[in-house]
Each structure stands twice: as C-alpha cells, then as structure tokens.
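For reference, the structure is listed below as structure tokens.
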Amino acid sequence: MSAELEKQIQELQQKIGKMEKGTKDQLSMVVFSGDLDKILAAMIISTGAAAYDMKVKLFFTFWAIAALRDPKKKVSGKTFMEKMFGMMLPKGSRKVKLSKMNMGGMGTSMIKGIMKKHKVASLPEMFTTAGELGVEINICEMSMNLMGFKKEEMIDYPHMNICGVATFLADASESKVQLFI
Amino acid sequence: MTPEELRNLTSNKLVDARGTACPGPLLAAKKAIGDIESGEIMEILSSDEGTKHDIPKWCEKMEHQFLGIVEEDSYSRLFLKKA
C-alpha cells in the first residue's frame with residue numbers, strides 16, 4: 001500500500017473517531033418552568049427516552065427547582081427573603097399548578113382527576129420511575145441559591161447533583177437531542 | 001406476520017399494560033424485556049392507541065424484531081422477538 005493511501009486512511013479513522021465521540025445517544029433538557037403541565041411533559045419525554053435506551057440528563061433551573069422540594073424536609077438558617085421565597089413557591093411536585101386554566105387551583109385539581117381517570121402517572125410517580133430508569137437530575141446551583149433553596153430540602157433522588165452551567169453545556173454538546181421546557 | 005399466525009404464537013412473556021397511558025406501555029415493555037432471552041417472544045397488551053406506533057419504533061431502535069399487531073375489541077396485542 002502506498003504511504004499516501006495509508007495516511008489518508010489514518011486521517012479518516014481519526015475523523016470517524018471524533019464523530020463517534022461527538023454525539024452520544026443522549027438527551028439533555030433544561031427544565032426551567034415550574035408548572036405542572038410543563039414538568040409533566042419534561043418527565044414523560046425523559047422516562048420515554050430512558051426506555052428508548054437514551055442516557056437522559058435533566059438540568060433543573062429557576063422555577064422548576066421548587067418541584068424538587070421535599071415537603072417533609074425542613075432546613076434552618078434561612079434569611080428572611082429566603083423564607084419568603086420558600087413560602088411563596090410550591091413546596092414539591094404535588095403542589096405545582098397548571099400554566100393555563102389554573103382558576104385558583106380548580107383547574108389543577110380537575111386535571112389531576114382527569115389524569116387519574118386516564119391512568120396517566122402523577123408527577124411524584126414520574127420522578128420515582130425516572131429514578132429507577134437512571135434519569136440524571138442536575139440542579140443549577142446559582143438559581144437554587146437565588147430562590148433560597150438548600151440542597152438538604154430536595155427530594156431523595158438516586159441520581160441528583162448540584163452543578164453549574166458548564167455541566168449542562170458539556171452534556172448538551174455531546175447529546176443528540178437538546179430541549180428546553 | 002399475519003394476525004392468524006400471531007394468534008397461534010406462544011409468547012415467552014406477557015406484558016399487560018392495558019389501562020396505562022403513554023409512556024406506561026413503553027416503560028412496561030422496557031422493564032419486561034430484561035426477563036427474556038434473545039430470540040424469545042414478548043407480547044404486550046395495550047389499550048393506548050399511541051403504543052401501536054411507539055413499540056415498532058422502539059423495536060427498530062433496540063433492534064428487536066417487531067412481529068405485528070392483533071386487534072382485539074378494546075385493546076391491541078403487540079408481538080416482538082428479542083434481539
């Protein structure tokens with residue numbers, strides 16, 4: 001084989017290696033909204049993707065973090081403002097509301113009734129399933145601090161990390177699918 | 001395979017996901033596929049319309065062989081052979 005050809009093959013192999021490393025069969029999603037319907041959509045897509053054998057990495061930021069709070073856990077040492085935020089925002093996934101037609105909570109209870117009737121899993125159930133399937137939840141530290149939440153008040157979830165934007169970017173840049181909800 | 005052939009098929013694993021909504025049947029299938037060996041047949045019962053599209057797509061991705069659908073009155077039976 002000529003040296004020229006050998007060199008070309010080597011270059012091609014390197015390129016293919018890079019391409020294979022570049023995108024994984026992985027889904028990265030920013031979960032920003034703190035509404036019942038939007039988080040439900042995020043969790044259905046996540047568990048579906050995990051069943052589809054994709055690695056799933058969720059980046060919870062801003063309003064969505066409130067849905068990860070465990071209502072049974074109490075933390076001390078919060079400032080006045082942090083306490084206020086904590087009181088104003090939903091305490092856990094059972095308390096989040098619809099983004100539309102909430103009607104003072106009436107719409108939310110109605111949709112929960114309809115979901116039950118249609119055997120759609122509730123948000124807390126979806127989180128349990130996601131945990132079993134290995135869906136990773138990364139919480140944005142900066143927005144968690146802004147909202148006055150502490151990691152000690154988050155639900156017990158098997159694959160949860162506190163991280164920064166670089167983690168999301170690193171995950172997203174090697175994922176085939178990226179979403180923002 | 002034709003519905004007739006499928007009706008005569010004996011499956012190694014039966015997954016009854018009737019009554020659950022998306023993504024219930026898919027999650028049930030994913031959970032159950034680990035219980036059978038390569039080349040064995042799994043049958044999924046679902047009353048969710050979307051499953052009829054989802055399971056063949058999932059099979060294609062996972063390289064399982066999708067064998068076909070038998071329609072019953074209020075649900076469908078989906079058959080696949082594990083890769």
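The values are calculated or read from the model by the stated rules, or taken from the named source; none is laboratory data. Nothing here was measured: the structure is a model prediction, and the numbers come from that model. Every residue, glycine as well, gets a Cβ built from its backbone with ideal geometry; the counts of neighbours run over all protein chains shown. Surface accessibility is based on the protein's heavy atoms, side chains included, excluding ligands, DNA and RNA. Shrake-Rupley method; radii C 1.70, N 1.55, O 1.52, S 1.80 Å.
A:D53 - would you say it is in contact (Cβ under 8 Å) with a residue 40 or more places away in the chain, charged (D, E, K, R) and open to solvent by less than 90 Å² (accessible area, probe 1.4 Å)?
Spelling it out, it is not the case that A:D53 is in contact (Cβ under 8 Å) with a residue 40 or more places away in the chain, charged (D, E, K, R) and open to solvent by less than 90 Å² (accessible area, probe 1.4 Å).
Is there any pair linking a residue in the range A:1-25 that is closer than 27 Å to A:M54 by Cα to one that is among the hydroxyl-bearing types (S, T, Y), with Cβ under 8 Å and at least six apart or on different chains, and which?
A:T23/A:S175; A:K24/A:S175
Identify, by number, the condition in (1) open to solvent by 70 Å² or more (accessible area, probe 1.4 Å); (2) more than 14 Å from chain B (Cβ to nearest Cβ) that A:G105 doesn't meet.
(1)
Looking only at the range B:16-58, count how many residues are assigned to a helix (DSSP H, G or I), surrounded by 14 or more Cβ atoms within 10 Å (Cβ to Cβ) and within 13 Å of chain A (Cβ to nearest Cβ).
Residues meeting the conditions: 15.
Scanning the range A:112-156 for residues that are of a type in the set (V, I, T) and either out of contact with any Lys or Arg (no Cβ under 9 Å at 6 or more places or on another chain) or open to solvent by 80 Å² or more (accessible area, probe 1.4 Å) (or both), which turns out farthest from A:K73 (Cα to Cα)?
Among residues in the range A:112-156 that are of a type in the set (V, I, T) and either out of contact with any Lys or Arg (no Cβ under 9 Å at 6 or more places or on another chain) or open to solvent by 80 Å² or more (accessible area, probe 1.4 Å) (or both), the one farthest from A:K73 (Cα to Cα) is A:I114.
Among the residues of the range B:59-73, which ones are more than 14 Å from every other protein chain (Cβ to nearest Cβ) and under 28 Å from A:M115 (Cβ atoms)?
Answer for the range B:59-73, where residues must be more than 14 Å from every other protein chain (Cβ to nearest Cβ) and under 28 Å from A:M115 (Cβ atoms): B:I69, B:E71, B:E72, B:D73.
Checking A:M81 against (1) surrounded by fewer than 21 Cβ atoms within 10 Å (Cβ to Cβ); (2) within 14 Å of chain B (Cβ to nearest Cβ); (3) part of a helix (DSSP H, G or I), which test does it fail?
Only one criterion is unmet by A:M81, namely (2).
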